[in-house]
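Quick notes on the structure that follows.
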Amino acid sequence: MPQILTFLGQSRSSCAIASVAFARQLAQQGARILWMTQDTGPLPAALWGQPLATEAQACGANLWTLQLQSAQLLEKSWEVVKGIEAQYLRNPLLKQVFGQELVLLPGMEDALTLDAIRVLYDSQEYDYLIVDSVSAKASLRMWGLPEQMDWYIRRFQKVLTESELAQTLSPFIQPIAGAVLNISGSQNSINQPVQQARDFLAAGRQVVQSAAHHLSFLVTTAEPGDAAMARYLWGSSQQIGMTVGGAIAYQAQLDDQAFAPLSIHDLPTLTEDHWQPLMAAVPSLDAAVQNAPAPVTIDEAEKQVKLFLPGFSKADIDLTQYGPEVTVTAGDQRRNLFLPASLKNRSVTGAKFQEDYLILSF
């Protein structure tokens, strides 16, 4: 399966330059590379020296580029939605609504982009998918969607199933479903689409949270606040289980311990179209995967969970346990811990924040 590479930093241009340097170096080594971007502005074309298209186009040996345009992705996805509706409903309702007339709503772009990446990932046509995002925070929200959406499904499905309304209506659900749906109307048949959705989201979560399949790099510059923002993004990425393999210092000299235990890799300044010095500075991905600290470590024997949250202080972190799972809030991100069966529904008996780790005991 391919590996996805992403870049997190405050400087838009520095992240894009780092991603292009990685793409060019890996392609030169013989790997099949697809570099894709959500940016519809002039920066991508300036970096590649040619306009980008909405279909993958060659940009050198083993190297392709792609521009993800949300309006076009919405049209394609709408046809898929209508196909799913026709699969389950006897009389589809959406066949009179056309993708070309739909408008984008907030949040749609992230979901559409993530689905487009999923299709390319599953195709296995490339060895690496390098994703250039317009905003690091938006990128983290996008990559966190599989876990967050799965939580909403399983949590509200449980609430609805146990509600008085569901118990009252349960005798009527099967005959009504049998009349409206193409499936039998049994409870198992009704649950099937929900389970398919959960399996789909679980597969996405496993990709995001596996360093072998998804690896991120921090990018910082000498600009004031850039290093602090990179550390903040580092901690935020851990909240979705994303592995960060190193830090890229573009036009900056940083202390070796600035992002410990990560290695810092200096990236020289891009002058005109001279990419070779930047390509030579690209670090080893294998070493980055091996040396990256795990976002979450679970010790079932000791009944302990350790979350790596660099960039945050104890005051930034809040821990609650209102429902069946433990909720951790760090900064402006909230995560419901996906725990193994041995720790589910157990109360937290102790919590401490020590050396960038939130340590929970059950």
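The values are calculated or read from the model by the stated rules, or taken from the named source; none is laboratory data. Owing to the predicted nature of the structure, the values given are computational and were not obtained by experimental measurement. In this analysis, Cβ positions are derived from the backbone assuming ideal geometry, glycine residues included, and neighbour counts consider all displayed protein chains. In case anyone asks, the SASA skips ligands and DNA or RNA and just uses the protein heavy atoms, side chains included. Shrake-Rupley method; radii C 1.70, N 1.55, O 1.52, S 1.80 Å.
Structural remarks
- Among the candidates ASN336, ASN291, ASN345, the residue that is touching a Pro at 6+ places or on another chain (Cβ under 8 Å) and closer than 21 Å to GLN238 by Cα is uniquely ASN291.
- Some residue of the stretch 309-331 being among the acidic types (Asp, Glu), under 17 Å from GLN209 (Cβ atoms) and in a loop (DSSP other than H, G, I, E, B): yes
- Qualifying residue in the stretch 173-186 (condition: at pLDDT 90 or above and in a helix (DSSP H, G or I)): no
- Residue list for the stretch 263-295, filter: touching a Gly at 6+ places or on another chain (Cβ under 6 Å), among the aliphatic types (A, V, I, L, M) and within 30 Å of VAL348 (Cα to Cα): ALA292
- Residue in the stretch 276-294 that is farther than 23 Å from VAL20 by Cα, of a type outside the set (Asp, Glu), in contact with a Lys or Arg (Cβ under 9 Å, 6 or more places away or on another chain) and modelled with pLDDT under 95 present: yes
- Under the condition of being touching a residue at least 60 places away in the same chain (Cβ under 8 Å), surrounded by 14 or more Cβ atoms within 10 Å (Cβ to Cβ) and small (Gly, Ala, Ser), the residues counted in the stretch 197-227 number 3.
- Hits in the stretch 320-344 - residues which are of a type in the set (A, V, I, L, M) and open to solvent by 60 Å² or more (accessible area, probe 1.4 Å): ALA341
- Among the criteria (1) open to solvent by 30 Å² or more (accessible area, probe 1.4 Å); (2) part of a strand (DSSP E or B), the one VAL305 does not fulfil is (1).
Residue-wise test of (1) of a type in the set (Ser, Thr, Tyr); (2) under 24 Å from LEU218 (Cβ atoms); (3) over 25 Å from the mean Cα position of the chain (by Cα).
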position: ALA16; (1), (2), (3): no, yes, no
position: ALA21; (1), (2), (3): no, yes, no
position: GLN25; (1), (2), (3): no, yes, no
position: GLN28; (1), (2), (3): no, yes, yes
position: ARG32; (1), (2), (3): no, no, no
position: LEU52; (1), (2), (3): no, no, no
position: TRP64; (1), (2), (3): no, no, no
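- Selection count, the stretch 250-263, where residues are more than 23 Å from the chain's Cα centre (by Cα) and surrounded by 12 or more Cβ atoms within 10 Å (Cβ to Cβ): 6
- Evaluation of ILE317 against (1) over 17 Å from PHE217 (Cβ atoms); (2) in contact with a strand residue (DSSP E or B) (Cβ under 8 Å, 6 or more places away or on another chain); (3) open to solvent by 70 Å² or more (accessible area, probe 1.4 Å) (one fails), failing number: (3)
- Looking across ALA281, ALA288, one residue alone is in contact with an Asp or Glu (Cβ under 8 Å, 6 or more places away or on another chain) and in contact (Cβ under 8 Å) with a residue 40 or more places away in the chain. It is ALA281.
- Of the criteria (1) more than 14 Å from ASN291 (Cα to Cα); (2) not in a helix (DSSP H, G or I), which one SER237 fails: (2)
- Taking the stretch 1-44 as the range and being among the polar types (S, T, N, Q) and either closer than 22 Å to ASP286 by Cβ or in contact with a Lys or Arg (Cβ under 7 Å, 6 or more places away or on another chain) (or both) as the test, the residues that pass are GLN3, THR6, SER19, GLN25, GLN28, GLN29.
To keep it simple, each residue is scored yes or no on (1) exposed (fewer than 13 other Cβ atoms within 10 Å of the Cβ); (2) basic (Lys, Arg); (3) not in a loop (DSSP other than H, G, I, E, B).
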position	(1), (2), (3)
LEU105	yes, no, no
ILE117	no, no, yes
TYR126	no, no, no
ILE130	no, no, yes
LYS137	no, yes, yes
MET142	no, no, yes
GLN148	no, no, yes
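- Any hit, the stretch 336-355, residues being closer than 30 Å to ILE17 by Cα and part of a loop (DSSP other than H, G, I, E, B): no
- Restricting the stretch 291-302 to residues that are β-branched (Val, Ile, Thr) and in contact (Cβ under 8 Å) with a residue 12 or more places away in the chain, the residue that is least open to solvent (accessible area, probe 1.4 Å) is VAL296.
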